[in-house]
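Comments concern the structure below.
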Amino acid sequence: MAVKTEDKLRDFYDRRHPAYNELVGHWRFLEETYRGGRRWFEQNIHRYHKEGDSEYAARLRRAYRFNHTKEVVELLQKYLFKGDVQRNIEEAPDVVKEFWKRATLTGLDIHQFMRQVSAGTSITGRVAIVVDNNFRAPVNEDGKVRPVSVAEASKQSYRIYAYMVSAKDILDYAWDDDGDGELLWIKLREVVRDDKDPHNCSGELSERVRLWTRDGWELYEEVEAEGYHYRGGRRYRNRRVELVESGEHNLGFVPVKLVDHTISEDPYRVPGLIDDVAYLDCAVANYLSNLDAIIQDQTFSQLAIPAQAIQSGDDMFQKVLEMGTKRVFVYDGGAGSTAKPEYLSPDPKQAGVIIDVINKIINEIYHTIGLAGERTKQDNAVGIDNSSGVAKAYDFERVNSLLLSKAQICQAAENWIVRAVLAWAKEEAPEYDLVTYPSTFDIASLNDELITAEALAKIDAPAEVRREQMRTIVDKIFPQLKEDLRAKLLDDIDDWLEGSDMPVAPTSVSSSDDKPVAAPNRQGEVTRTTYSNNAAKTTRAAISRATRRT
């Protein structure tokens, strides 16, 4: 019976969910490509045809890359968290306020922690958020948990915190398909280090597996056992799986939330932002390394000299090598030949082809996610992006859709965290959400808004439409405005245009000699500077009236 129990524990410890073995290598590659470092080159810079060991080792030492994978993730983070995340501090319970200040054991606040979660979902597509506490209830001699008072718990520095688990450490889980669609249980891997005692600790890393259920948790670890076994011709000490710790939380739900990059119905696999970007980035790094090899080997011309012209003796041969910049091509000039030494210039077409391919791949990296506007036409030093306004509008719509999806996911995750914190604290959760993420990620500049406002006045748009536009302009002019002053300005905007005979903007803009100032471009748009002065006057007048009343 004991052997069967050990076999079951071993099966439980080693079991993975159906897609894990297929995807774990992919997840590791994505994380390593995002993180970078010198070790990445050893695993991802490939040999090219007929390259020797010494040449390959030298090329690895010289290898470099621009981390486009990380830049793509950070660009999306910049837009996602550019707007204000509204957290209802006034109506939030005290335990939630304290948690928002220090959401993790390392002291990160909730905003920093959610940025970490959002970046994790962009990298691997799915991460897990665990809400736990650092209090461990004492156990009686009979193995039952002894209840403690709030005062006793406070003496132990009771804290509720959250932490993120990467996709490669989410080993297995099951959903409640017949109920609310929440987790039935989840198995997570933890990596710990023996470092408590600075003098006697081993400093070694070890893996543990923690099982979370709706009622409690269990912690399993591999420990050494008697005997040895052989694998691959080597002898290893036997190890067995033991339950080292367990406890009950009685929350009624698993305090773990799976957070995805995009909304998906797939129970095990969710695509990430850099699923394809990382492989394109790897190709760019390899092409850059090949380009570096061409520069190192072919930048300097090679000396071609008849063999008959080289006199015997080591000193003469060394001088010829110095003349040929360490490379000499020797050929038979023939008896009595008058052939003269000459330098052979390398063919620059090879490097040109590689540079063109690199630029094309980099452009596709940013274009596939709608961030091509962040890059210039070829690279950071050549020209500007001359995409049409229509093309940029479509790019923005794609990015805005992605940002809105991530904002909704982050909002749902953060509100779940609030409910989990209140559940740990044995307090009732409010019926409404305490956290709201932005619903739009408009990146239009103030000048664009002024042009829009002037155009609305030009067509004599309804008053409420123009008021709504003015509210947007106020937010862009005064992004850090206090709430009370902002409320007064918005009240003035509500009264704006009521009963006023505000002149409508002219239908065309002309100079003093009745000639058009700007002609429509090929997209049928008018140059922005055409309307900037009139728009600025119209808007300044409205804001001035609102400010004076305030």
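FYI, it's all coordinate maths here, none of it is from the lab. Keep in mind that what you see is a predicted model, and the values were worked out from it rather than measured. All Cβ positions, glycine included, derive from the backbone under ideal geometry; neighbour counts span all protein chains shown.
Would you mind classifying segment 29-121 by shape? Square roots of the alpha carbon gyration tensor eigenvalues, ordered a ≥ b ≥ c; an a/c under 1.5 is rounded, otherwise it is prolate if a/b is larger than b/c and oblate if not.
prolate
So which of 187/257; 101/426; 101/476 end up more than 22 Å apart by C-alpha?
The pairs that break the limit, which is 22 Å between Cα atoms, are 101/476.
Please compute the length gained on full extension between residue 297 and residue 244, using 0.36 nm multiplied by the number of residues separating them and subtracting their Cα-Cα distance.
13.2 nm
By per-residue mean of other Cβ atoms within 10 Å, what is the highest-first order of 260-269, 212-221?
Packing proxy ranking, top to bottom: 212-221, 260-269.
Between residue 490 and residue 19, what FRET efficiency comes out of the Förster formula 1/(1 + (r/R0)^6) with R0 = 45 Å and r the beta carbon distance, rounded to 0.05?
So, using R0 = 45 Å, E works out to roughly 0.35.
Which FRET efficiency, nearest 0.05, do residue 459 and residue 408 yield, Cβ-Cβ r, R0 41 Å?
E(calc), rounded to 0.05, equals 0.75.
With the cut-off at 28 Å, tell me which of the pairs 97/168; 70/360; 78/360 have Cα atoms farther apart than that.
Flagged as over cut-off: 97/168.
At 0.36 nm per residue, minus the direct Cα-Cα distance, what do residue 190 and residue 48 gain on full extension? Give it in nm, one decimal, please.
47.2 nm
How far apart, in nm, are the 7 Å Cα→Cβ label points at residue 204 and residue 427?
It works out to 4.4 nm between the two label points.
Calculate the spin-label point distance for residue 84 paired with residue 356, positioning each point 7 Å from the Cα along the beta-carbon direction, and give it in nanometres.
Taking the simple label geometry, residue 356 and residue 84 are separated by 5.2 nm.
Could you give the length gained by full extension between residue 175 and residue 283, i.e. 0.36 nm per residue of separation minus their alpha carbon distance, to one decimal place?
Once the chain is fully extended between residue 175 and residue 283, it gains 35.1 nm.
So who's got an amide H within less than 5 Å of the one on residue 225, skipping anything under 5 residues away but keeping other chains? H placed 1.01 Å off N, in plane.
Residues meeting the criterion, in which the H sits 1.01 Å from N, are 238, 239, 240.
Taking amide H atoms as placed 1.01 Å from N in the peptide plane, list the residues 5 or more away in sequence, or in a different chain, whose amide H sits under 5 Å from that of residue 135.
159
Toward the positive end of the charge dipole of segment 55-119, about the Cα centre and with charges on Cβ (Lys, Arg +1; Asp, Glu -1), which of 67, 100, 81 goes farthest?
67
Could you tell me whether segment 81-138 comes out rounded, prolate or oblate from its Cα gyration tensor? Rule is a ≥ b ≥ c as square roots of the eigenvalues, rounded for a/c under 1.5, then prolate if a/b exceeds b/c, otherwise oblate.
Since a/c reaches 1.5 but b/c is at least a/b, the shape of segment 81-138 is classed as oblate.
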